[in-house]
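Only one structure is covered here, and it is reproduced in the block below.
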Amino acid sequence: MIIHVNFLPKPGDTGASEVIASLAGLLDQGRLDGDVLSRLRLHLDWLQYKANFREPITVRHASGARGEPTALAELAIDVRRARPERLADELARAIASVGAATREVAGRAVLEDWAPLSRSAIWRFNRLFWQRLGDWEHQSGRGFEAALPSGRSDANHPAAVADAVADFWTLLVELDKRGQLPPEIFALEIGVGSGTRAGLWLDRFKALDEARATGYYPRLRFLLADYSMPTLDRAHRAVEAHRDVVSTIATDALNPMRALSFLRYKILYVHLTNVYDNLPVDELVRRDGQLYLVETRAYLPEPAATAIASTSGVVPSEQRAAVARLLDTGPDLFGDRERGVGFWRAVWAAVCLEERLRRLEGIADVPLPPGLDANDLEELLGTAPADVRFHLSGGAVESFVNTVPLLHPRGYLQVQDIFVATMDEYRQGFRGPGKLDGSVVNWVNGALLRVVGARAGYDVHFAPFRYRPGSRTTILYTTLRE
Ligand SMILES: C[S@@+](CC[C@H](N)C(=O)[O-])C[C@H]1O[C@@H](n2cnc3c(N)ncnc32)[C@H](O)[C@@H]1O
C-alpha cells in the first residue's frame, strides 16, 4: 500500500497514526484481504470546506480506457472528519467494497449518470443558486457573502478598491498625455454579486477624477455583467448614484465576447472577483506515469436520502426525478415554493460525488478546454510532481480566452481569486470542490492560466492580496505582451 499525505500537517497531526493502527488491527483480526491491501493507495486529506462533496471515507476505483476494471484503487480519508471510534469498521467496509463484485452501494439515491466532473449536476445547482438567489436567501435568512470564510468578500475591501482605481486612473493619465485616450472609457466587471465593489469603485473613481479635475468620469462607460438577472437588478440598484455611466449586460462569464463583441479591443479595464472559482472544472490524476480523468456521479448517502424523504415527502426512489425537475424548472416544482426551496437546500447540503478514475491513453484523450493546447498541458505536466491530482480549470481558461480579445491594447484584466500558483501546491492541500451556501467553490489552476495566457500572447502575473491578513486571495493581472 502506498500512503499519500495530501496536506501539510502540523507536527504530530497527520491523523495517519489512527488510520495505520486501525488497518494493522484489521489485518491482525484477519478482516482484510491482503491482496486488495497490497494494491491500494491510501490518501489522507484535510478538507477545509466544512460543506463539501465527500463522505469522510471514500473509495475510488480506476478503470481502463474502455471502462474495463484495473488494479488501481484509492481509499481517501478526510482526517478532519473521520471518527476514531468508527474508523476500523468503516475502513473494513470500504476496503471490502474494493474487491466486491458489485460496485453499487446499497441505499444511496443516485442522482445522475457517470460523467467528467465538468458535466456534473453540481454546476446546474450552482447556476440555480445564482438565478434564484433571492429564494435561497429568503429561506436561509442570510446573504450569500455571509457564507464566505471571512464573512465578507475581498471584492469589496476599500483599500484594494482604492488601489485598483488609482492604477486605472494612472493608466488613463498616461494614455491622455500621449493623445491615445479614447473618447469613451470602457470598464467592465463580470460576476458582480451584490454590486458593492462596483459602487465603491465608481465612488472612488468619481472622487479622484473630480479632485484632479481630469474630466474622465463623464466619459466612463462602466458595464456590469452577470448571467443572473436578479443579481444584475440588485447590483444596478447598488450603483444608482452612477446610473448615467453604468449599463448592465446579461453575459455568461464563459464567453463575454458573445454579448460584447462590439467592444473588441476597446475595454481598458476588466475585473472579476470570485468568478473563476465558480466555473466548471475537470480533474486529472497521474499515477505511475498514467493519466486518469476523474468521473463523478452525484448521490445522496442513505441517511440523508431517508431524512429528505421524511421532510419533503419525496421517497429515495423518486429523488433523482425530483432533482431533475428542480434543476429544470426551479424551486416551484411542487407548486409550493417554500417546500421546493426546502427540498433544494436539503439536497444540496447532503449531495456527495462518487468518484472513479478513467485511464486516458495519453494527452490526446484529455478533454481540453478551448484555448488550451495539448503541448501546453504536456509542458505543465513536466513541472508537476510524478503523482498528482489537479484541476483542469476549463471554465476559467474558456472565460480568459474569450475575455482578453475585448481588451484595448493598453488595457488589462484583473482577476481576484483563489489560485494555485504551482503544480506542486496540489500536493499540499485540498483545492476543492467545496460548497459555499448553494454555490460551488474551487481553487483555480493559475499555473495553467499562465501557460494559456502566454500562448494567447498575454503576460499573466500574480500578486498577493495584501489587504486582509490571512486572505487566500491572489490578484491575477494580464496585459498584452509587449
Ligand atoms: C461568488 S459570486 C462573487 C460576487 C462578487 N464578485 C464578489 O466577489 O463578492 C459569483 C458571481 O458570479 C456570477 N456568475 C457565476 N457564474 C457565472 C457565469 N458563468 N457567467 C456570469 N456570471 C456568473 C454569479 O451570479 C455571482 O454574481
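The values are calculated or read from the model by the stated rules, or taken from the named source; none is laboratory data. Since the model is a prediction, treat every value here as computed from it, not as a measurement. Neighbour counts are summed over all protein chains in view; Cβ atoms, including those assigned to glycine, are modelled from backbone coordinates with ideal geometry. Side chains are part of the model used for accessible areas, which takes the heavy atoms of the whole protein and leaves out ligands, DNA and RNA. Shrake-Rupley method; radii C 1.70, N 1.55, O 1.52, S 1.80 Å.
Write down the accessible area per residue of region 333-476 in Å², having rolled a 1.4 Å probe over the full set of protein chains. Let's see the in-between values first.
Numbers: 5020 Å² over 144 residues.
Result: 35 Å² of accessible area for each residue.
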Cβ neighbours within 10 Å, averaged per peptide: list 274-280, 113-119, 152-158 in order, most packed at the top.
274-280, 152-158, 113-119
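Rounded to the nearest whole Å², what accessible area per residue is found for region 1-103 with the 1.4 Å probe? Walk me through the numbers before you get to the answer.
On the way: 5190 Å² over 103 residues.
It amounts to 50 Å² per residue over region 1-103.
Hey, any idea what % of the chain's accessible area is carbon plus sulfur with a 1.4 Å probe? Please list the in-between numbers first.
Details: 10380 of 20540 Å².
Its accessible area is 51 percent carbon and sulfur atoms.
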Among Gly199, Pro218, Leu232, whose Cα projects farthest towards the positive end of the dipole of region 190-235, with charges put on the beta-carbon of Lys, Arg (+1) and Asp, Glu (-1)?
Pro218
Given a Förster distance of 56 Å, the FRET efficiency implied by the Cβ-Cβ spacing of Glu184 and Ala386, rounded to the nearest 0.05, works out to 0.60
What FRET efficiency would be calculated for the residue pair Tyr265, His461, taking the C-beta separation as r and a Förster radius of 30 Å, to the nearest 0.05?
0.90
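So, for region 252-314, what is the accessible surface per residue at a probe of 1.4 Å, expressed in square angstrom? Display every interim value, and only then the final one.
Values: 2240 Å² over 63 residues.
For region 252-314, the per-residue accessible area is 36 Å².
Within 10 Å, count the other beta carbons around each residue, average over each peptide in 403-413, 433-443, 14-24, and list them highest first. Numbers along the way, then the final one.
Details: 403-413: 20.1, 433-443: 22.4, 14-24: 16.5.
Sorting 403-413, 433-443, 14-24 by mean packing, highest first, produces 433-443, 403-413, 14-24.
Calculate for the chain the 222 nm mean residue ellipticity that helices alone would give, adding -39,500 (n - 2.57) per DSSP H run of length 4 or more and normalising by residue count, nearest 500 deg cm²/dmol. Could the numbers behind the result be given before it?
Values: 15 runs with 171 residues, N = 482.
My calculation for the chain gives -11000 deg cm²/dmol from helical runs alone.
Which FRET efficiency value, to the nearest 0.05, do you get for Ile3 and Glu361 by plugging their Cβ-Cβ distance into 1/(1 + (r/R0)^6) with R0 = 35 Å? Could the numbers behind the result be given before it?
Numbers: r = 29 Å, r/R0 = 0.82.
My answer for the efficiency is 0.75.
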Spelling it out for Val366: with amide H atoms placed in the peptide plane at 1.01 Å from N, the residues 5 or more places away or on another chain with amide H under 5 Å from its amide H are none
Just to be sure I understand the model, the point goes 7 Å from the Cα along the line to the Cβ. What's the resulting Arg243 to Asp35 distance in nm?
7.5
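Under a Cβ-only charge scheme (Lys and Arg +1, Asp and Glu -1), can you give me the dipole magnitude of the chain about the Cα centre, in debye to the nearest 20?
Values: 57 positive and 61 negative charges, 126 e Å.
Roughly 600 debye for the chain.
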Could you give me the ³J(HN,Hα) list for region 209-221, computed from phi with Karplus coefficients 6.51, -1.76, 1.60 and θ = phi - 60°, whole Hz, x at Gly and Pro?
4, 5, 4, 9, 6, 8, x, 7, 4, x, 8, 6, 10
Quick check for you: which residues of region 275-292 have the amide N under 19 Å from the point 7 Å beyond the Cα of Gln131 toward its beta carbon?
278-281
Distance between region 257-275 and region 301-367 - C-alpha centres, whole angstrom:
34
Between Ala350 and Trp114, what is 0.36 nm times their sequence separation minus the Cα-Cα distance? Round to one decimal in nm.
83.1 nm
Please give every one of the lysines within straight-line cross-link reach of Lys177, meaning a C-alpha to C-alpha distance under 30 Å, and leave out same-chain neighbours fewer than 8 residues apart.
Lys206, Lys266
For peptides 261-273, 466-478, sequence by mean Cβ density within 10 Å, most packed first
261-273, 466-478
Can you run phi through the Karplus equation (6.51, -1.76, 1.60; θ = phi - 60°) for region 232-245 and list ³J(HN,Hα) in whole Hz, with x for Gly and Pro?
4, 4, 5, 5, 5, 5, 6, 10, 3, 5, 10, 4, 5, 10
Please say if region 1-103 is rounded, prolate or oblate, where rounded means a/c under 1.5 for a ≥ b ≥ c the square roots of the C-alpha gyration tensor eigenvalues, and otherwise the choice is prolate for a/b larger than b/c and oblate otherwise?
oblate
Evaluate the distance, in nm, between pseudo-label points positioned 7 Å from the Cα of Ala324 and of Arg337 along their respective Cα→Cβ axes.
2.7
